Amino acid sequence: MAHGVLLTSSLYLLFLFVITWLTRQRGSNAQFFLAGRSTPWWIVAIGMLGDSISGVTFVSVPGMVGTMSMSYLQLVLGFFLGYLVVAYVLLPLYYRLELVSIYTYLDKRFGRWSYRTGATFFLISKLFGAAAKLFLITLILQELVFASLGVPYSVTVLGVVAIIWLYTQRGGMGTIIWTDVLQTACLVLALVLIIYQVAVRSGLDLGGIIDLVRESPHRQIFFLDSWRSPLFFWKQLISGAFIVIVMTGLDQNMMQKNLTCRTLPEAQRNMLTYGFGFLPLNALFLILGILLLHFAELQGITLPAKGDAILPFLAGGYLGDAVLVCFTLGITAASFSNADSALTSLTTSVCTDLLNFDLNDRSKATYYEKLRWWIHLALCLVFALVVLFIGKLQQTSLLNTIFTAVSYTYGPLLGLFAFGLLSRRGVYDRFVPYLCLASPFVSYGIALLAQSLWSYKVGYEILLFNGLFTFLGLYLLRDKEQGKVTL
């Protein structure tokens with residue numbers, strides 16, 4: 001069966017390169033960074049949906065059902081509130097300033113040190129977050145396909161990253177926008193086909209699936225009993241909103257795609273459409289989780305202790321070849337969609353934020369394009385090394401880990417942008433890096449103290465504490481004379 005899975009993956013990659021060839025453009029920096037700001041909004045919306053549903057989501061969300069029921073939908077509802085904020089607060093700012101890198105706002109608002117600090121936090125967060133997601137998927141592909149063929153794991157990782165480099169190194173975002181459409185279509189198709197196959201093997205039709213979900217002990221969505229619980233509704237809702245604000249609105253990766261739209265209204269339409277589509281898609285993942293638990297109970301199968309391992313475990317040995325092929329197609333599409341845009345946004349941030357590319361200087365256009373090519377290649381190599389490093393840590397329960405890590409690393413960005421938008425004061429710019437470095441450590445101390453003194457287990461809302469501490473620190477560092485005006 002490994003050869004069948006390999007054939008499916010090969011056909012998928014063939015289609016990927018066909019799209020890359022059809023959408024090829026001159027490899028200019030304007031095309032690489034923002035696709036010439038000419039992409040239809042609905043194309044961006046479809047692609048962003050697939051980018052958000054990473055391979056980690058594909059295996060983790062169904063696995064959550066056993067321990068967290070359907071509480072993840074509380075977080076997803078909060079996501080939509082966050083999309084509203086991004087659409088009507090952040091996108092107008094980015095379009096008004098005509099930004100390539102969104103962190104340029106920090107330079108205009110506060111100064112060079114704040115700008116470099118924000119960009120650096122993004123680079124670290126995105127590099128390790130995207131690498132962690134790709135690690136889990138390459139590990140699954142290794143176990144399902146390449147191990148039986150005698151291919152070392154390191155070769156699998158390098159091969160996947162090399163493929164991503166091949167189809168992104170010329171067109172960049174101009175290529176990714178269109179390949180993401182294919183990847184989203186493959187992901188959704190794979191999810192629906194897996195649900196269908198599991199339902200058939202469990203003797204269920206559509207009505208049976210609805211009845212199963214309605215009667216399942218894992219059907220609970222809203223948790224309103226204890227405010228101390230990390231699953232408490234209001235904690236999840238508010239955390240979900242702020243996770244989207246930072247992981248989408250303050251993330252160069254996601255905003256770079258929005259900025260390829262022709263106009264602000266089109267970008268806002270894209271954001272709301274994409275945000276609305278996120279809810280039913282995640283509901284399908286949770287329904288799949290209930291179906292998998294039901295199937296395992298019917299067959300008397302002992303499931304792995306880790307939720308992330310349930311779908312790969314059943315797909316690899318109990319659900320038949322069709323499900324295994326669909327599963328491989330789904331995680332391949334999801335992992336490529338997430339990693340390719342992450343690497344492109346990292347390249348954009350290094351070029352524009354750290355190396356100060358002047359895209360209006362046509363005399364240096366060829367030089368900048370060559371330098372960008374080498375930077376993109378170097379980042380791909382670093383990315384592969386980080387994936388292999390994470391593999392040494394043997395951390396495979398990743399979705400909660402990623403969201404928690406984001407709460408610490410994106411908190412300073414939240415504080416910086418919030419202070420810039422809500423205050424008219426400038427700050428002592430040179431002290432901002434120290435404040436942003438201290439903020440995650442102080443937030444971690446608050447989390448430990450809350451659990452020790454009040455038995456309050458801090459969840460994703462640590463992002464709020466982190467951002468608030470940065471905001472208050474900036475207030476103390478305010479300086480009318482040196483600060484810049486509100487934009």
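Any read-out appearing in this document is the output of simple, stated calculations on the displayed coordinates, not a laboratory observation. Every value quoted in this text rests on a predicted model; they were computed, and no experiment measured them. Quick reminder, even Gly has a Cβ in these numbers, built from the backbone with ideal geometry, and neighbours come from all protein chains shown.
Do you know the relative contact order of the chain, to the nearest whole percent, from alpha carbon pairs under 8 angstrom that are 6+ apart?
32
So how do 297, 461 line up by other beta-carbon neighbours within 10 Å, fewest first?
297, 461
With the cut-off at 31 Å, tell me which of the pairs 133/235; 235/392; 235/306 have Cα atoms farther apart than that.
The pairs that break the limit, which is 31 Å between Cα atoms, are 235/392.
By how many degrees, between 0 and 90 and to the nearest 10, does the Cα long axis of helix 153-168 differ from the longest principal axis of the chain?
Between helix and principal axis, roughly 60 degrees.
Calculate the length of the line joining the C-alpha centroid of the stretch 210-254 to that of the stretch 336-353, in whole Å.
That distance is 28 Å.
For the stretch 234-303, which trypsin sites (Lys or Arg not before Pro) are both in a DSSP coil and crowded by at most 16 other Cβ atoms within 10 Å?
Hits after loop and neighbour filter: 262.
Helix 399-409 versus the longest principal axis of the chain: what angle, 0 to 90°, nearest 10, using Cα atoms?
Between helix and principal axis, roughly 10 degrees.
Okay, helix-only estimate at 222 nm for the chain: each DSSP H run of n ≥ 4 adds -39500 (n - 2.57), divide by all residues, round to 500 deg cm²/dmol; what do you get?
My calculation for the chain gives -24000 deg cm²/dmol from helical runs alone.
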